[in-house]
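A short worksheet on the structure shown next.
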There are 2 protein chains.
Amino acid sequence: MHNIQVAETWTIAELATEYDVTLRTIRFYEDRGLLTPERRGTVRVYHPRDRVRLALILRGKRLGFSLDEIATIVDMYDTAPGEEGQLVYLLAQIAHRRADLEQRRADLEQTLTDLAEVEARCQADLDALRTRRG
Amino acid sequence: MHNIQVAETWTIAELATEYDVTLRTIRFYEDRGLLTPERRGTVRVYHPRDRVRLALILRGKRLGFSLDEIATIVDMYDTAPGEEGQLVYLLAQIAHRRADLEQRRADLEQTLTDLAEVEARCQADLDALRTRRG
DNA sequence: CTTTACGTTTACGTAAGCGTCAAGCACAGA
DNA sequence: TCTGTGCTTGACGCTTACGTAAACGTAAAG
């Protein structure tokens with residue numbers, strides 16, 4: 001008897017604990033159109049798609065994007081194939097995002113480099129201090 | 001006749017146009033303790049140190065750090081050599097920052113990878129569309 | 001049948017990061 | 001002396017991204 005892939009679902013609390021965010025946060029993201037869980041009666045039911053989107057949203061947040069920016073990014077991932085105009089537009093958006101991300105990467109690398117330098121200086125000072133003290 | 005290095009200074013407007021921020025923003029950063037320009041009478045006079053700090057602040061912003069976080073980062077750069085406790089603390093801060101930045105880098109790389117995949121799919125769809133149309 | 005757990009909406013509160021006046025001083029040129 | 005230009009300090013306003021009750025529904029457990 002092999003595994004039958006049943007489309008798994010989650011409650012809001014399950015997602016909240018899994019990703020360590022509050023219920024309020026998840027509902028807020030829905031309010032902003034970032035998540036669209038199913039409704040069974042009044043209760044929210046989250047599908048794998050929602051779960052993936054939440055993960056993407058949080059990654060976007062860690063990168064410092066605003067929710068509006070995140071919305072456009074996340075929507076790129078599951079835009080329907082669509083017609084030519086759509087595709088061209090999407091490709092342009094992607095190019096724009098990539099440029100943004102590469103700027104960030106440059107900033108990030110530079111900051112890490114700077115930090116390493118400060119650290120070295122700092123460590124040298126500390127070593128000198130301890131040597132002198134014997 | 002060689003160049004004599006005169007400590008150059010800037011007005012608030014000069015810095016603002018150079019870094020493309022508003023006067024309000026620069027004053028706000030001062031209010032938050034991020035900048036400490038000299039005062040000649042009531043007027044602010046910015047020295048090279050302030051200019052560097054402003055650049056660091058803006059880079060921090062591009063990376064999505066809060067001003068509070070930026071404050072601790074920027075202050076690392078020009079903390080006096082100090083005594084052992086200070087140095088140890090500073091090294092810990094640096095380690096913490098580095099961990100944060102490396103998490104960001106991972107997120108960033110993953111996002112770029114994802115984006116590349118979406119782009120490829122998108123481009124393929126577009127090509128197919130154009131081929132079919134002949 | 002009541003408690004407990006878990007969900008819901010509505011709505012006001014808040015911290016961050018500035019924007020945007022308002023009102024005033026100082027100095028340079030016509 | 002008037003006008004303009006650039007600087008100053010308040011001080012209120014606005015948006016984002018939630019926190020934090022309040023008040024209520026529902027379903028299983030004791």
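For peptide B:54-67, compute the average count of partner chain beta-carbon atoms within 10 Å of each residue's beta-carbon. All intermediate terms of the calculation are to be shown ahead of the outcome.
On the way: counts 0, 0, 3, 0, 1, 7, 3, 2, 8, 8, 9, 2, 1, 0.
Mean partner shielding for this stretch: 3.
Work from the charge dipole of chain B (Cβ charges, +1 for Lys and Arg, -1 for Asp and Glu, about the Cα centre) and give the residue of B:Q93, B:I12, B:L67 farthest towards its positive end.
After comparing all options, I get B:I12.
I'd like the mean, over residues of A:81-92, of how many other protein chain beta carbons sit within 10 Å of each residue's own Cβ.
Values: counts 7, 4, 3, 5, 0, 3, 9, 2, 0, 7, 6, 0.
Going residue by residue through A:81-92 and averaging, the value is 4.
Please sort by residue number the GluC sites (Glu not before Pro) in the stretch B:63-125 whose DSSP state is loop and whose Cβ has at most 11 other Cβ atoms within 10 Å. The partial results should precede the final answer.
Values: sites: B:E69, B:E83, B:E84, B:E102, B:E109, B:E117, B:E119; in loops: B:E83.
The qualifying sites are B:E83.
Helix B:48-62 sits at what angle to the longest principal axis of chain B, using alpha carbons and giving 0 to 90 degrees rounded to 10?
So the helix axis and the longest Cα principal axis differ by about 30 degrees.
Taking the Cα atoms only, what angle lies between the long axis of helix B:67-77 and the longest principal axis of chain B, rounded to 10 degrees?
Approximately 60 degrees, to the nearest ten.
Give me a comma-separated list of calculated 3J(HN,Hα) values for the stretch A:17-26, in order, Karplus coefficients 6.51, -1.76, 1.60 applied at θ = phi - 60°, integers in Hz, x for any Gly or Pro.
Running phi through 6.51 cos²θ - 1.76 cosθ + 1.60 with θ = phi - 60° gives 6, 4, 9, 6, 10, 8, 4, 3, 4, 4 Hz.
Whole-Hz Karplus ³J(HN,Hα) for the stretch B:109-124, in order, using 6.51 cos²θ - 1.76 cosθ + 1.60 and θ = phi - 60°, x for Gly and Pro?
So the J values, rounded to whole Hz, are 4, 4, 5, 4, 4, 4, 4, 4, 5, 4, 4, 4, 4, 4, 5, 4.
From the square roots a ≥ b ≥ c of the eigenvalues of the alpha-carbon gyration tensor of the stretch A:82-134, which class results: rounded (a/c under 1.5), prolate (a/b over b/c), or oblate? Kindly include the intermediate steps, with their values, before the conclusion.
Numbers: a/c = 13.99, a/b = 8.33, b/c = 1.68.
Cα axes put the stretch A:82-134 in the prolate bin.
Per residue of B:102-115, how many C-beta atoms from partner chains lie within 10 Å of its own C-beta, taken as a mean? Walk me through the numbers on the way to the answer.
Values: counts 2, 2, 9, 5, 2, 8, 8, 2, 3, 11, 6, 0, 5, 9.
Per residue, the number of nearby Cβ atoms from other chains is 5 on average.
Carbon and sulfur atoms: what percent of the 1.4 Å accessible area of chain A do they account for? Please list the in-between numbers first.
Details: 4310 of 8040 Å².
Reported share for carbon and sulfur atoms: 54 percent.
How big is the C-alpha Rg of the stretch A:1-121 next to the rule-of-thumb value 2.2 N^0.38 Å, as a ratio?
Details: Rg = 18.7 Å, N = 121, 2.2 N^0.38 = 13.6 Å.
That works out to 1.37 for the stretch A:1-121.
About the Cα centre of the protein assembly as shown, what is the dipole size in debye to 20, counting +1 per Lys and Arg Cβ and -1 per Asp and Glu Cβ, all else neutral? Numbers along the way, then the final one.
Details: 40 positive and 46 negative charges, 79 e Å.
Dipole size: approximately 380 debye.
So for chain A, averaging the separation of alpha carbon pairs under 8 Å that are six or more residues apart and normalising by length, what relative contact order in percent results? List each step's numbers first, then the result.
Values: 59 pairs, mean separation 20.1, N = 134.
For chain A, the relative contact order is 15 percent.
Roll a 1.4 Å probe over the protein chains and send me the accessible area per residue for the stretch A:82-134 in Å². Provide the component values of the computation, followed by the final result.
Details: 3060 Å² over 53 residues.
Here the per-residue accessible area is 58 Å².
The values are calculated or read from the model by the stated rules, or taken from the named source; none is laboratory data. The structure presented is a predicted model; accordingly, all values stated were derived computationally and were not measured. Please note: Cβ atoms are built from the backbone with ideal geometry, for glycine as well, and neighbour counts cover all protein chains shown. Surface areas here come from the heavy atoms of the whole protein model, side chains and all, with no ligands, DNA or RNA. Shrake-Rupley method; radii C 1.70, N 1.55, O 1.52, S 1.80 Å.
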